[in-house]
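Here, each number is a calculation from the coordinates, and none is a lab measurement. A quick note: this is a predicted structure, and the numbers were derived from the prediction, not measured. With ideal geometry, Cβ positions are generated from the backbone for all residues, glycine too; neighbour counts draw on all protein chains shown.
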Protein chains: 2
Amino acid sequence: MMNMIQRKTRNPEQTRNDLLDAAYHEILESGFQAASLERILANTSVSKGALYHHFGTKRDLGLAVIEEVIGPQLEKRWFTILAQHDNPINGLYNLIAEKIAQADESVIRYGCPLNNLIQEMSPLDESFRQGLQKILERWVEVVAQALKEGQSAGQVRPDTNPEDIALYIVASIEGCVGLGKNAQSIDAYQRCLRQLQVYIQSLAV
Amino acid sequence: MMNMIQRKTRNPEQTRNDLLDAAYHEILESGFQAASLERILANTSVSKGALYHHFGTKRDLGLAVIEEVIGPQLEKRWFTILAQHDNPINGLYNLIAEKIAQADESVIRYGCPLNNLIQEMSPLDESFRQGLQKILERWVEVVAQALKEGQSAGQVRPDTNPEDIALYIVASIEGCVGLGKNAQSIDAYQRCLRQLQVYIQSLAV
DNA sequence: GAAGATACCGACCAAACGGTATATTGTCAA
DNA sequence: TTGACAATATACCGTTTGGTCGGTATCTTC
């Protein structure tokens, strides 16, 4: 082979991260199945050989995106913040207030990366489903834990089941995002979340 | 051309319906983008020529599925039933109770056809988005209308906004289905919907 | 500094895709 | 009965797909 223009200095970690990042965006925009490896490569100026050095298959790349990009992102944007408050009602309320205030183009346009992949992939690939489910369960658990502590502290109504309510809250959030996405309407998204706030307040003692 | 084995008797309407039905199932299982025309044809024993006689493009077929299959299906399963009750709280409650009781494999496995397409297609194709939005708006409107009438009849709390609540209820339903789908768990689906029932009851006067 | 491992390159491939072109046949009005 | 058109059939096409492979460059280790 004649002309080999390789990256001057190697940086396998950077290459891997570039690929994960580009794949994340490509999947966000097109879904996993319609995500094009060629487009991902074009957006990273990484070669196909490099890609297949770091990831065995497209599927592996997708699973890595779930575990290494989407998971940590939600961890940062929801879970850690939620764990800080000492009153779960206020914590949830404020967190959602923040989402309402920060409602940006990206959420309205592309929705929730987690939910997108759930709807597309969970019936098609068991590994995807499990990867997504792990994140979902963590989310529900964080909310449930907060509610439980709130019950102990006498802040949350005792006649409620934290696990069930947590499940429902997470479902509602995903639903609000999904509806806002199809309506292409920040207003609908915000109105929807505000009703969720009302519901959350109804859990207070 | 040598071997032309045509259907003895023509039936263009039947052919069209067969295609819509097969396309609906293919899309439900694989999503729109990954839906294969070849597979649809194989499941209908319709020829490619016939398909392209009835539908100009794959996209047209998808839009027809939304308008002629998914729309009417929701109309039948939700909207008409909901319009019958004269107390919206009971109406919604019972309708959801029915969904809880009827929770079948298909809902858990494939989720809601409407929501699936929303998450996949609404950012990618404006016509899809509009077709889906039309159904969504009808859904929200039916619920809102019922709540409004309930307010007039003194059955629903007057200090609530029917449109916002309807939006939120629809979002919650889609959320519950989505979560049950990824959990592959009828139980999670039912627990989630039961919390929605609790919420709905809280709207009563 | 030689050797072996790791990282990267890009041409190539078979399969599947949506879509087209052209031929044929059933249907029905005139 | 026939002419016109709607309906159906199938071979074929260009493109894109995920994936492979032989090769090269850089890095690490001894």
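With the structure loaded, tell me whether A:SER36 is within 30 Å of B:ILE27 (Cβ to Cβ), surrounded by fewer than 18 Cβ atoms within 10 Å (Cβ to Cβ) and within 16 Å of DNA strand C (Cβ to nearest atom) or whether it fails that test. Yes.
Tally the residues that are surrounded by fewer than 24 Cβ atoms within 10 Å (Cβ to Cβ) and away from chain B (no Cβ under 12 Å), restricting the search to the range A:148-176. Count: 9.
For (1) within 14 Å of chain B (Cβ to nearest Cβ); (2) exposed (fewer than 15 other Cβ atoms within 10 Å of the Cβ); (3) touching a Lys or Arg at 6+ places or on another chain (Cβ under 8 Å), each residue gets a yes or a no:
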residue: A:GLY31; (1), (2), (3): yes, no, no
residue: A:LYS48; (1), (2), (3): no, yes, no
residue: A:VAL69; (1), (2), (3): no, no, no
residue: A:LEU95; (1), (2), (3): no, no, no
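Per the conditions (1) more than 7 Å from chain A (Cβ to nearest Cβ); (2) touching a helix residue (DSSP H, G or I) at 6+ places or on another chain (Cβ under 6 Å); (3) outside any loop (DSSP other than H, G, I, E, B), the sole criterion not satisfied by B:LEU179 is (1). Going by the structure shown, is B:TYR199 closer than 14 Å to A:ILE169 by Cα, touching a residue at least 40 places away in the same chain (Cβ under 8 Å) and touching a helix residue (DSSP H, G or I) at 6+ places or on another chain (Cβ under 7 Å)? Considered against the rule, which asks whether it is closer than 14 Å to A:ILE169 by Cα, touching a residue at least 40 places away in the same chain (Cβ under 8 Å) and touching a helix residue (DSSP H, G or I) at 6+ places or on another chain (Cβ under 7 Å), B:TYR199 comes out as no.
Looking only at the range A:30-63, residues that are among the polar types (S, T, N, Q) and farther than 15 Å from A:ASN17 by Cα come to 4 in all. For B:GLN84, the conditions (1) free of Cβ contacts under 8 Å to residues at least 60 places away in the same chain; (2) farther than 28 Å from B:LEU179 by Cα; (3) within 16 Å of DNA strand D (Cβ to nearest atom) are fulfilled apart from (3).
A:ILE100 falls short on exactly one of the conditions (1) away from chain B (no Cβ under 14 Å); (2) over 16 Å from the mean Cα position of the chain (by Cα); (3) more than 12 Å from DNA strand D (Cβ to nearest atom); (4) not small (Gly, Ala, Ser), and that condition is (1). Does B:ALA22 satisfy the condition of being within 17 Å of the chain's Cα centre (by Cα), within 14 Å of DNA strand D (Cβ to nearest atom) and more than 14 Å from chain A (Cβ to nearest Cβ)? In short, yes. The set of residues from the range A:38-52 being within 8 Å of DNA strand D (Cβ to nearest atom) and touching a residue at least 24 places away in the same chain (Cβ under 8 Å) comprises just one member, A:LEU51.
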